[in-house]
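A short write-up of the structure that comes next.
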Amino acid sequence: MTTTRPSALAIALATLVVVSGVGAGLAAAGTTAVDDRPTNDAVAAVVDDASANSSFTAYAQEGTIVLDSDHDDPILLPESEEDEPRPEDAPEDVEWEDDSFVVDADVDLEDETWEADTENASIPLITSYRVDADRAEVQMSVPDGFQGTIDPDTGEMTAEAVFEIEAAVIGPLFGLGPDSTCVTETELEMTTETSDNGLSGESLETDSDGNTATALLVDDTFTVPGFEATDGVGAVCDSASDTYGIPAEEPGDNEFELEFWFDLDDLGELAEAGHDD
């Protein structure tokens, strides 16, 4: 797939701003000749004059978490094929809920920021059989939502979120105790650039038609404490912590990578500006 960075991206994001405010004008513009289509400068002017409030939906394509430099045994996040889940691609000892990791965000292009409330970030349930138990049902959430920045000229993005990880350990073995609920959390500061310890992301890229985009966000500065029991007994949660290699308390030894896919099909006529027939 041929991809482009700043021009198509700026046009696509600018479209997010103007669709609601000048829908009628865009419909008329769609009937004009190619030479009369809005130029990049015209798009920028519309952005400057608009309220610059818009939104996007992003689907996580795949993700990995490496703890304590254990690259041979990463934690895998649910994959998607574009906007469709692929639970059949899960490892043998993991089952993924039949859904995608989806973020619905509001964008302010004047401030070059974006955010998503916790209810607008959907992370599928992961059932793992890697624990000393019948299974662990792992649910991640972002209790404070997502906040970040986005530069339509360069495609650079950042994202910050507190990830809470809750593992319900069902049927613990070896007499460890009753079913237990174990919780930990970590704060991620993701970027499409290069993180502090050298892990590199990939800036937003659109396809040649400006209809879709992808970005790879990374972080290698975070730490993860061990599980704490909120229900049941601590020994079960200690065993689950050991299984997943936590606590992982050295920044630089831990890595997080998450690829997002953006569906831009509904952006309207202006998404085609700057592309020749």
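The values are calculated or read from the model by the stated rules, or taken from the named source; none is laboratory data. The shown structure was predicted, so the numbers you read here are calculated from the model rather than taken from an experiment. So basically every Cβ, Gly included, is an ideal-geometry build from the backbone, and we count neighbours across all protein chains shown. Calculation scope for accessible area: heavy atoms of the full protein, side chains included, ligands and nucleic acids excluded. Shrake-Rupley method; radii C 1.70, N 1.55, O 1.52, S 1.80 Å.
Take segment 244-272 and flag every residue that is open to solvent by 70 Å² or more (accessible area, probe 1.4 Å), assigned to a loop (DSSP other than H, G, I, E, B) and either at pLDDT 90 or above or touching a helix residue (DSSP H, G or I) at 6+ places or on another chain (Cβ under 9 Å) (or both).
The first filter runs over segment 244-272 and keeps only residues open to solvent by 70 Å² or more (accessible area, probe 1.4 Å), leaving 247, 249-251, 265-266, 269, 272.
Retained after the next criterion (residues that are assigned to a loop (DSSP other than H, G, I, E, B)): 247, 249-251, 265-266.
Scanning segment 244-272 gives 247, 249, 250, 265, 266.
Give me the pairs: first residue in segment 233-252 and of a type in the set (Val, Ile, Thr), second residue assigned to a helix (DSSP H, G or I) and crowded, with 17+ Cβ neighbours inside 10 Å, beta-carbon distance under 9 Å, and six or more apart or on different chains, which are they?
From segment 233-252, the pairs are 246/240.
Residues in segment 206-213: is at least one assigned to a strand (DSSP E or B) and either at positive phi or modelled with pLDDT of 95 or more (or both)?
The answer is no; no qualifying residue exists.
Which of the residues that make up segment 219-232 are in a strand (DSSP E or B) and either surrounded by fewer than 21 Cβ atoms within 10 Å (Cβ to Cβ) or free of Cβ contacts under 8 Å to residues at least 40 places away in the same chain (or both)?
Just the residues of segment 219-232 that are in a strand (DSSP E or B), to begin with: 219, 224, 228-231.
The answer is 219, 228, 229, 230, 231.
Residue 159 - would you say it is of a type outside the set (Phe, Trp, Tyr), part of a strand (DSSP E or B) and within 12 Å of the chain's Cα centre (by Cα)?
On the way: of a type outside the set (Phe, Trp, Tyr): yes; part of a strand (DSSP E or B): yes; within 12 Å of the chain's Cα centre (by Cα): yes.
Answer is yes for this residue.
Anything in segment 82-110 that is in contact (Cβ under 8 Å) with a residue 12 or more places away in the chain and loosely packed, with under 14 Cβ neighbours inside 10 Å? List them, or say none.
Residues satisfying the conditions are 82, 84, 91, 93, 98, 110.
Quick check on segment 210-218. Is at least one of its residues out of contact with any Leu (no Cβ under 9 Å at 6 or more places or on another chain) and either farther than 24 Å from residue 92 by Cα or of a type in the set (Val, Ile, Thr) (or both)?
No; the residues of segment 210-218 include none that is out of contact with any Leu (no Cβ under 9 Å at 6 or more places or on another chain) and either farther than 24 Å from residue 92 by Cα or of a type in the set (Val, Ile, Thr) (or both).
Output the residue which, of all residues in segment 162-189 that are small (Gly, Ala, Ser) and surrounded by fewer than 16 Cβ atoms within 10 Å (Cβ to Cβ), is farthest from the chain's Cα centre (by Cα). Explain how you work it out, then say what you get.
First, pick out the residues of segment 162-189 that are small (Gly, Ala, Ser): 167-168, 171, 175, 177, 180.
If we keep only those that are surrounded by fewer than 16 Cβ atoms within 10 Å (Cβ to Cβ) as well, we get 171, 175.
Numbers: 171: 32, 175: 39 Å.
Looking at residues that are small (Gly, Ala, Ser) and surrounded by fewer than 16 Cβ atoms within 10 Å (Cβ to Cβ), I get 175.
For every residue, the table says whether it meets (1) among the polar types (S, T, N, Q); (2) within 30 Å of residue 131 (Cβ to Cβ).
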position: 193; (1), (2): no, no
position: 205; (1), (2): no, no
position: 220; (1), (2): no, yes
position: 224; (1), (2): no, yes
position: 230; (1), (2): yes, yes
position: 242; (1), (2): no, yes
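Which of the following residues is buried (at least 22 other Cβ atoms within 10 Å of the Cβ) and of a type in the set (A, V, I, L, M): 204, 199?
Numbers: 199 fails: buried (at least 22 other Cβ atoms within 10 Å of the Cβ).
Going through 204, 199 in turn, the sole match is 204.
State all residues of segment 174-205 that are in a strand (DSSP E or B), out of contact with any Lys or Arg (no Cβ under 9 Å at 6 or more places or on another chain) and small (Gly, Ala, Ser); if no residue qualifies, say none. First the steps, then the outcome.
Keep residues of segment 174-205 that are in a strand (DSSP E or B), which gives 180-191, 194, 200, 202-205.
This time we only want the ones that are out of contact with any Lys or Arg (no Cβ under 9 Å at 6 or more places or on another chain), so: 180-191, 194, 200, 202.
Answer for segment 174-205, where residues must be in a strand (DSSP E or B), out of contact with any Lys or Arg (no Cβ under 9 Å at 6 or more places or on another chain) and small (Gly, Ala, Ser): 180, 200.
Output the residue which, of all residues in segment 123-137 that are of a type outside the set (A, V, I, L, M, F, W, C) and out of contact with any Phe, Trp or Tyr (no Cβ under 7 Å at 6 or more places or on another chain), is most open to solvent (accessible area, probe 1.4 Å).
So the first thing to find is which residues in segment 123-137 are of a type outside the set (A, V, I, L, M, F, W, C), and the list is 124, 127-130, 132, 134-135, 137.
Right, trim to out of contact with any Phe, Trp or Tyr (no Cβ under 7 Å at 6 or more places or on another chain) and you get 127-130, 134, 137.
Numbers: 127: 19, 128: 5, 129: 96, 130: 62, 134: 81, 137: 60 Å².
Once the filter is applied, the top-ranked residue is 129.
Residues of segment 138-148 being in a strand (DSSP E or B) and open to solvent by less than 60 Å² (accessible area, probe 1.4 Å), which ones? Spell out the reasoning first.
Within segment 138-148, the subset in a strand (DSSP E or B) is 138-141, 146-148.
Scanning segment 138-148 gives 138, 140, 141, 146, 148.
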